[in-house]
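Take a look at the structure set out below.
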Amino acid sequence: MANVSVNISGAPYEVHVERGLLDRAGERVRALTAASRVAVVTDIRVAPLYLEPLRRSLSAAGLEPVDVTITAGEAHKTLATVEMIYDRLLDARIDRATPIVALGGGVVGDVAGFAAATILRGVPLVQVPTTLLAMVDASVGGKTGVNHLRGKNLIGAFHQPHAVLIDPNVLASLPAWQLSNGLAECIKHELIRDADGFARLEQGIERALSLDMNYLEELIAHNVAIKASVVEADPLERGERAHLNFGHTFAHAIESSMNYDIAHGRAVGLGIVAASYLSMRLGSVQQSEFERIRSLLARARLHTGGVQTPTEGLINAMRRDKKIQSGQLRFVLLDGIGRAVVRDDVPQDLVREALAMIR
Ligand SMILES: NC(=O)c1ccc[n+]([C@@H]2O[C@H](COP(=O)([O-])OP(=O)(O)OC[C@H]3O[C@@H](n4cnc5c(N)ncnc54)[C@H](O)[C@@H]3O)[C@@H](O)[C@H]2O)c1
Ligand SMILES: [Zn+2]
């Protein structure tokens, strides 16, 4: 069991990582609110697994749950889904004190979070992430939003949660490849901030894959702490928070060129290979470090090659990325394992080489 404080000025909150926490979620939500009702947003895959235990726990704590179940999947991270949530919650006459509890992966967290940021000009949000990716990444930091036909996550708001409740036990039902997607973000966190953490993950990766819950609890708390420290330093992404985009300029290009028919974590794994290679070619990562990174990704059962989109297509997609400023391609790179740097002076031919590396 571990607690991580996220010290955002004006909106601090706690992330609780605790096996079996789902059954005790009611008391934690009760402690945060004087409301008598709670809205629970989840998706059709998660609902049959975990909605009942959550409802039971909320009721036992004297909170009446109103639930909304959305269709699962990235394709439903849309304004239409948010409107459906508005309709249901306004019909149920929620008020500004009614918290929204997001029970699910990053899609539910982002959609329910955006609904919480906007309905009645904002209601409290509690994240109960159920994928490893949502636990270590999406549920912490306050980014919420939906996709638009023009691109991913183009509509959104910053809305910090009042609390994040993580029960590692729910990972037992997660398909193995989804666990690997979350591990891609864990590897990213260690690479940008913690060389010792990277070495510990090299030791422990098999324990994570075999769902050793003691190990996962520790890994999740450690990764939440890394994400929290970056977000605390730069809550609105004006500077150093960009480090969390390590591997993501490439990943976003891969995702968009494949019409999002690839899991985010999988694309991030490939992006990490390309960005680490680029760092090596620019002299800030040694070949032995590059090999360690690639090998850890492979052991996490992520892909390290096989991208089929032509290089030009990927370069064009990178140019369209919303995070690119003033036309110059900007990359988060490594200065050795454990340290990130931002560079916007990377020669084009090296970018092409890095893309060739993940074919
Ligand atoms: N807000 C942020 O800061 C942030 C950060 C990273 C990613 N994201 C977003 O997160 C999304 C990806 O999140 P994701 O990978 O969790 O995807 P997801 O929410 O689509 O979940 C993956 C699948 O697993 C199912 N599922 C969830 N928990 C389960 C469990 N315990 N057992 C069995 N099945 C379960 C879901 O129903 C879904 O089908 C993307 O939309 C991405 O943009 C947001
Ligand atoms: Zn990511």
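Normalised by the residues of the range 121-226, what does the relative contact order come to in percent, with Cα pairs under 8 Å and at least six apart?
Computed over the range 121-226, the figure is 31 percent.
Can you tally the net charge around residue 70? Count Lys and Arg as +1, Asp and Glu as -1, for every other residue whose Cβ sits under 13 Å from the Cβ of residue 70.
Counting the neighbours of residue 70, the net charge comes to -3.
Report, for the chain, the % of DSSP beta bridges that are antiparallel, rounded to 5.
Numbers: 14 of 36 bridges.
Among the beta bridges of the chain, antiparallel pairing accounts for roughly 40 percent.
Reported to two decimal places, what Rg/Rh ratio describes the range 228-315 when computed on Cα atoms with Rh from the Kirkwood expression?
1.00
Based on other C-beta atoms within 10 Å, arrange 337, 315 from fewest to most.
Ranking 337, 315 by Cβ neighbours within 10 Å, fewest first, gives 315, 337.
How large is the charge dipole for the range 165-307, taken about the Cα centre, if only the Cβ atoms of Lys, Arg (+1) and Asp, Glu (-1) carry charge, to the nearest 20 debye? Each step should come with its number before you reach the end.
Details: 13 positive and 18 negative charges, 83 e Å.
Taking the Cα centre of the range 165-307 as origin, the dipole is about 400 debye.
Estimate the FRET efficiency between residue 31 and residue 341 by the formula 1/(1 + (r/R0)^6), using the beta-carbon distance for r and 35 Å for R0, to the nearest 0.05.
Taking R0 as 35 Å, the efficiency between residue 31 and residue 341 is 0.25.
Can you list residues from other chains, or at least 5 along the same chain, whose modelled amide H is less than 5 Å from the amide H of residue 143?
Under 5 Å from the amide H of residue 143: 159.
About its Cα centre, how strong a charge dipole does the range 264-304 have in debye, to the nearest 20, once Lys and Arg get +1 and Asp and Glu get -1 at the Cβ?
The dipole of the range 264-304 has a size of about 160 debye.
If the convex hull of the alpha-carbon atoms of the range 262-359 is projected onto planes in all directions, what is the mean projected area in square nanometres?
If you wrap the Cα atoms of the range 262-359 in a convex hull and average its projections, you get 6.1 nm².
In whole angstrom, and with the biggest value first, how far do the Cα coordinates of the range 151-201 range along each principal axis?
37, 29, 28
Could you tell me which of 7, 40, 17 has its Cα farthest along the dipole of the range 1-48 towards the positive end, charges placed at Cβ (Lys, Arg +1; Asp, Glu -1), taken about the Cα centre?
Sorting the options by dipole projection puts first 40.
Rank these for me by crowding, 71, 309, going from fewest to most other beta carbons within 10 Å.
Working: 71 13, 309 16.
With the sparsest Cβ surroundings first, the list reads 71, 309.
Roughly how big is the chain's charge dipole about its Cα centre, with Cβ charges of +1 (Lys, Arg) and -1 (Asp, Glu), in debye to the nearest 20?
500 debye
Place +1 on the Cβ of every Lys and Arg and -1 on the Cβ of every Asp and Glu in the range 173-267, take the dipole about the Cα centre, and give the residue among 225, 254, 183 whose Cα lies farthest towards its positive end.
After comparing all options, I get 254.
Rounded to whole Å and sorted largest first, list the principal axis extents of the Cα atoms in the range 137-235.
So the three principal-axis extents are 39, 31, 27 Å.
How many percent of Cα pairs in the chain exceed 28 Å?
Above the 28 Å cut-off, the chain has 41 percent of its Cα pairs.
How do 246, 290 rank when sorted from fewest to most other Cβ atoms within 10 Å of their own Cβ?
290, 246
Choose one of 140, 166, 197: the residue whose Cα lies farthest towards the positive end of the charge dipole of the range 135-199 (beta-carbon charges +1 Lys, Arg; -1 Asp, Glu; about the Cα centre).
Ranked along the dipole, the leading option is 140.
Does the range 2-140 classify as rounded, prolate or oblate by the C-alpha gyration tensor (a ≥ b ≥ c root eigenvalues; a/c under 1.5 gives rounded; else a/b over b/c gives prolate, otherwise oblate)? Intermediate results must be reported in sequence, preceding the final value.
On the way: a/c = 1.21, a/b = 1.13, b/c = 1.08.
Rounded.
Where a number appears in this text, it was derived from the coordinates with a stated rule and is not lab data. What you see is a predicted model; the values in this text were computed from it and never measured. Glycine also receives a Cβ, built like all others from the backbone with ideal geometry; neighbour counts cover every protein chain displayed.
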